[in-house]
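A quick write-up on the structure given underneath.
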Amino acid sequence: MDQKYIRNFCIIAHIDHGKSTLADRMLELTHTISQRELKNQVLDDMDLERERGITIKSHPIRMYYRAKDGHEYILNLIDTPGHVDFTYEVSRSLAAAEGALLLVDAAQGVEAQTISNLYLAIENNLTIIPVINKVDLPSAQVDVVKHQLIELIGCSEDEILLTSAKTGLGVEEVLEAVIDTIPPPKGQPDASLQALIFDSVFDNYRGAISYIRIFNGSLRKGDPIRFFNTGREYQADEIGILKLRREPVDVLNAGEVGYLISGAKNVKDIRVGDTVTHAKKPADAPLPGYKDIKPMVFSGIYPVDSDDYEDLRDALDKLSLNDSALIYEPETSKALGFGFRCGFLGLLHMEIVQERLEREYDLTIINTVPNVVYRVHLKNGEVVEIHTPTDLPNPAEIDHIEEPYISAQIITPSEYIGNIMKLSQEKRAVFKSTSYLDPTRADLTFLFPLSEVIFDFYDRLKSVSRGYASFDYELEGYRPGNLVKLDILINGEPVDALSTIVHQDKAYEMGQRLCRHLKQLIPRQLFEVAIQAAIGSKVIARQTVKPLRKNVTAKCYGGDITRKRKLLEKQKEGKKRMKQVGRVEIPQEAFLAVLSMNKED
Amino acid sequence: MNAEKANISFKPGIYLHIPFCEHKCGYCDFYSITNRQQQPEFVRALLIETEKTLQVFSIDQTFDTIYFGGGTPSLLEIEQLETILEFLRQHFNLAQDCEITLEMNPGATEREKLPLFKELGINRLSIGIQSFNDQELRFLERIHSTRQAIEAFEAARKAGFDNIGLDLIYALPNQTLTTWKHSLQKAVALNPEHISAYNLSYEPNTPFFRRLQKRQIMPAAEENELEFFNFTHQFLTENGYLHYEVSNFTRDEAFVSRHNYKYWLHVPYLGFGPSAHSYWNGQRWGNKPSLSHYLQQLNNGQLPQDFSETLDEQTKEFEHIFLRLRTYEGLDLAAFENTFGRSFLQSYRKIVNELIDSGLAQLTGKRFCLTQQGMALCDEILQRFV
């Protein structure tokens, strides 16, 4: 089909603003899927996604639509993941399209995430079609939201489409607008092949499958191919288009979206953002925008029962087949034994992995306090990246430490600005700017140390704004920080899994609070338990868990020794989920003490 | 404790559970009922159970203790006691110096029976006095008074009993060290051979436990319990008593409760009657705590067992440790190695060292035992050996 009858687009929306419902209506309207086949939110594959109402994996889908102009069009809807952790994946999905629907809930208005994704779309030169959804809700404030959109993208009022994806109202107009407004692809059909990998999934039978957008040239079944950035060469064993299921084709031409099965086994062999070209007639250059994505947040994952170590490794192996962003390497902790240090794109990504390990693989795990990646400049000029506080070199060798900063955008009703400013200050943020989307909604930008955001920031933001503020961020870069390692010592022994890196100014207070909190979490035992916080060799806080004094059954139940024995065994069983550090038994919650500290206050 | 002189033996013992009481006290979780109509039937069934057990196991060992527990065994008619003892003497090899203990309440009717008990060959009494404070006795729902308790004790002496134990309970709600000390003083003044002093415990399925859950009773605080425990130890030790097990004291090694000590020595014993437990040939079993079930089963030619288990080596070892460590003499290292084929100190090196380092246990010659401080934490410590 001629490229002028192709439209590639995606939908930018905040969670719950109706993206999936709108997609479902489009699939129905274009007869891509019958009502019978339609489960709600067809495009979200994983249970976890459906439960949380968020999309993690993009799943492109091709629709055929006969427009009012009488022509039949191919519409490729490229679904985008909907969370801040997956910004890079979003940007690659956007790069595969020429246009985007900017979908905003009529009752909720524009949110931070919508804006940051909108900016990504604008960076990728996408044509934006503003759509207000849920206009039939009693709480809809169509005029207010229209005003926000006009402020935001400078469109005119009559360009804004009104829909109710739930009832189907206005959906046809959206499809017409896609055809009228979004430009068709303008690839060169005869040039050397340049195809963008914008996502990949793992299939148990086929190995790694890439989702691709052909920018120039064409890809034929059986072609020898090369991945530009990794340099790996494969063969196009199967290519095809994506409807509800995969449909193989012999050729994919410029402008088209489809899939590629190439014999690559692991999703890690296929980098999102990489360019596919012909191995024999390669293009001169890759498509722009490739980035090596690196994990931002690290955390230790340990089996509670050390016998489960191998099972945990298998589970991580399997998870990572489908999750190219998850990295892990074996790690040994004095306190927790054998486990893995895992890298995640962000906190949500971390939570998803943890939940999947417990739910899908039935493992009981302890995860340690997450930390960011620090860059340590040594006095000898060397720079080392550390992924865990225990790896921090001796302070005497350190010249200075840099920590990652993010540029954060917070959108909030203006009455909460004061609270948010206060919270941000507490979190060492640098205020950058304020603007107003409308008289009642402010758009604040800050620079935050990422490490401050991974400790309970999101919950606190929600609480100081009564749930109204929304938050999004992108990595800004590294900046020096006055950072120290705060160690926790239990009976004089440092517990590696409890070490954190904190700002010098906060270390004292943090040490005090952490000790107090740990005292609540560690039960009394046979021996006195001293909990100390220390920086280097200097102890800055101490708490004591008094020893148990009396626990003895007066009677041995006549001759009923069995009963007595079972009681003792049961009591012991109750302690099994604790980890023994030295002679102290530490419950799992204690290893996340830093994260639960605020609930105590 | 001087092992030579001590009244301890490795011969098996016999326990008889007599499940009748005049009144069921709110704290007690031993099986008993107040309806005594089936007492004669029970005695017949008890003999049948004993006979059946003897058929199952060919038993020719010599037994050197018989213990009538309950319930209130002193409620048995003299004829009933006589029938039972006669039966046991016929069917078991009993040692010449067999210790025959009877638990009794200090009520008036029982007092009259004392000379007859003596005549039957009962040579040790365990009297459930519990307190020498009438208010506390009422709280415990005891049906006797302090005066009756003293009279019962004196009558027992008069009847010729030279081995008498008293049971006392402490750490009652609102009890003070002063009233407890008073009870101990009164007890010591009677100069009994043996004193059992139990910390009041709230066992599930007792009225006290339910009152506790409804917050009608405020239990003593842990600190107070410890204070009572240590005070008892100190007071009785100063008065010449030897603390030989968590809750047991004797005036002299010769008056250790030979029967009860078998439990802590991991020595075999046979128990008869509803809810009685046995340990024999590495097997433990227990009878159902129900008199009607007991009678019915035996009428049908069945043993009234509720459960039975065969102990594997690991379980035996753990039992051995936790039972031995409840005694102040502790665990005999050579005997342990003989029985289980490995060294106790090496097998449990880590916990043993921790306990010794923190003063909760000690090595004395060839034994490993808990200190007074460790004894107060016995249950917490024993878990570590699971």
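The values are calculated or read from the model by the stated rules, or taken from the named source; none is laboratory data. Note that this is a predicted model, so its numbers are computed, not measured. Virtual Cβ from ideal backbone geometry, glycine too; neighbours counted across all protein chains shown.
Remarks
- Every listed requirement among (1) in contact (Cβ under 8 Å) with a residue 40 or more places away in the chain; (2) crowded, with 19+ Cβ neighbours inside 10 Å; (3) under 30 Å from A:Asn8 (Cα atoms) is met by A:Val297 save one, (3).
- Pairs with Cβ under 7 Å, 6+ apart, first in the range B:81-95 and farther than 14 Å from B:Phe42 by Cα, second of a type in the set (Gly, Ala, Ser) and surrounded by fewer than 18 Cβ atoms within 10 Å (Cβ to Cβ): B:Leu85/B:Gly121
- B:Gly271 being part of a strand (DSSP E or B), within 14 Å of the chain's Cα centre (by Cα) and within 11 Å of chain A (Cβ to nearest Cβ): yes
- Taking (1) surrounded by fewer than 23 Cβ atoms within 10 Å (Cβ to Cβ); (2) outside any strand (DSSP E or B); (3) at pLDDT 90 or above in turn, A:Gly289 satisfies each apart from (3).
- Scoring A:Leu326 on the criteria (1) surrounded by 19 or more Cβ atoms within 10 Å (Cβ to Cβ); (2) modelled with pLDDT of 90 or more; (3) within 30 Å of A:Gln235 (Cβ to Cβ) leaves a single failure, condition (2).
- Taken over the range A:352-385, residues that are of a type in the set (A, V, I, L, M, F, W, C), closer than 25 Å to A:Ala315 by Cα and not in a helix (DSSP H, G or I) amount to 6.
- Among the residues of the range A:311-355, those identified as farther than 23 Å from A:Asp269 by Cα and under 19 Å from the mean Cα position of the chain (by Cα) are A:Leu347, A:Leu348, A:Glu351, A:Gln354, A:Glu355.
- Annotation: of all residues in the range B:169-199 being among the hydrophobic types (A, V, I, L, M, F, W, C) and outside any helix (DSSP H, G or I), the one that is surrounded by the fewest Cβ atoms within 10 Å (Cβ to Cβ) is B:Leu190.
- The condition (being farther than 22 Å from A:Thr80 by Cβ, in contact (Cβ under 8 Å) with a residue 40 or more places away in the chain and either surrounded by 14 or more Cβ atoms within 10 Å (Cβ to Cβ) or in contact with a strand residue (DSSP E or B) (Cβ under 7 Å, 6 or more places away or on another chain) (or both)) is satisfied by just one residue among A:Glu172, A:Glu238: A:Glu172.
- Any hit, the range B:219-241, residues being part of a strand (DSSP E or B) and touching a Leu at 6+ places or on another chain (Cβ under 7 Å): no
- Candidates A:Lys462, A:Lys422, A:Lys427, A:Lys432, filtered to the one that is within 20 Å of A:Thr87 (Cβ to Cβ) and of a type outside the set (Val, Ile, Thr): A:Lys432
- Strands (runs of 3 or more DSSP E) within the range A:63-165 that include 1 or more residues closer than 26 Å to A:Ser407 by Cα: A:99-105, A:127-133
- The criterion of at least 1 residues that are within 14 Å of chain B (Cβ to nearest Cβ) and either of a type in the set (A, V, I, L, M) or on the phi > 0 side of the Ramachandran plot (or both) is met by the following helices (runs of 4 or more DSSP H) wholly inside the range A:496-601: A:561-574.
- Tally, over the range B:274-296, of residues that are assigned to a loop (DSSP other than H, G, I, E, B), under 15 Å from B:Pro12 (Cβ atoms) and in contact with a His (Cβ under 9 Å, 6 or more places away or on another chain): 1
- Lone unmet requirement of (1) among the polar types (S, T, N, Q); (2) under 21 Å from B:Leu325 (Cα atoms); (3) away from chain A (no Cβ under 14 Å) for B:Asn248: (3)
- Comparison of B:Lys5, B:Lys52 shows that the only residue that is among the charged types (D, E, K, R), assigned to a helix (DSSP H, G or I) and touching a residue at least 60 places away in the same chain (Cβ under 8 Å) is B:Lys52.
- With respect to the conditions (1) more than 10 Å from chain A (Cβ to nearest Cβ); (2) surrounded by 24 or more Cβ atoms within 10 Å (Cβ to Cβ); (3) in contact with a helix residue (DSSP H, G or I) (Cβ under 8 Å, 6 or more places away or on another chain); (4) not β-branched (Val, Ile, Thr), B:Tyr263 falls short on a single one, namely (1).
- Residue match in the range B:94-104 (condition: hydroxyl-bearing (Ser, Thr, Tyr), away from every other protein chain (no Cβ under 14 Å) and surrounded by 15 or more Cβ atoms within 10 Å (Cβ to Cβ)): no
- Of all residues in the range A:422-439, exactly one satisfies the criterion of being surrounded by fewer than 15 Cβ atoms within 10 Å (Cβ to Cβ), in contact with a Phe, Trp or Tyr (Cβ under 9 Å, 6 or more places away or on another chain) and either of a type in the set (Asp, Glu) or assigned to a helix (DSSP H, G or I) (or both), namely A:Gln425.
- Residues that are closer than 23 Å to A:Asp2 by Cα and of a type in the set (A, V, I, L, M, F, W, C) number at least 3 in the following strands (runs of 3 or more DSSP E) confined to the range A:184-243: A:194-203, A:207-216, A:238-242.
- Screening B:Glu79 with (1) away from chain A (no Cβ under 14 Å); (2) surrounded by 15 or more Cβ atoms within 10 Å (Cβ to Cβ) gives one miss only, at (2).
- Listed by first and then second residue, the pairs with beta-carbon distance under 7 Å, at least 6 apart or on different chains, first residue in the range B:139-152 and on the phi > 0 side of the Ramachandran plot, second in a loop (DSSP other than H, G, I, E, B), are B:Glu141/B:His23; B:Glu141/B:Cys25; B:Glu141/B:Gly26.
- Counting the residues of the range B:140-168 that are buried (at least 21 other Cβ atoms within 10 Å of the Cβ) and over 22 Å from the mean Cα position of the chain (by Cα) gives 0.
- Out of B:Tyr202, B:Tyr244, sole residue that is part of a loop (DSSP other than H, G, I, E, B) and touching a residue at least 40 places away in the same chain (Cβ under 8 Å): B:Tyr202
- The set of residues from the range A:442-462 being surrounded by fewer than 20 Cβ atoms within 10 Å (Cβ to Cβ) and modelled with pLDDT of 85 or more comprises A:Asp443, A:Thr445, A:Leu447, A:Arg460.
- Candidates in the range A:1-24 are the residues that are part of a helix (DSSP H, G or I) and at pLDDT 90 or above; of these, the one that is nearest to the chain's Cα centre (by Cα) is A:Leu22.
- Residue match in the range A:463-477 (condition: within 14 Å of chain B (Cβ to nearest Cβ) and assigned to a strand (DSSP E or B)): no
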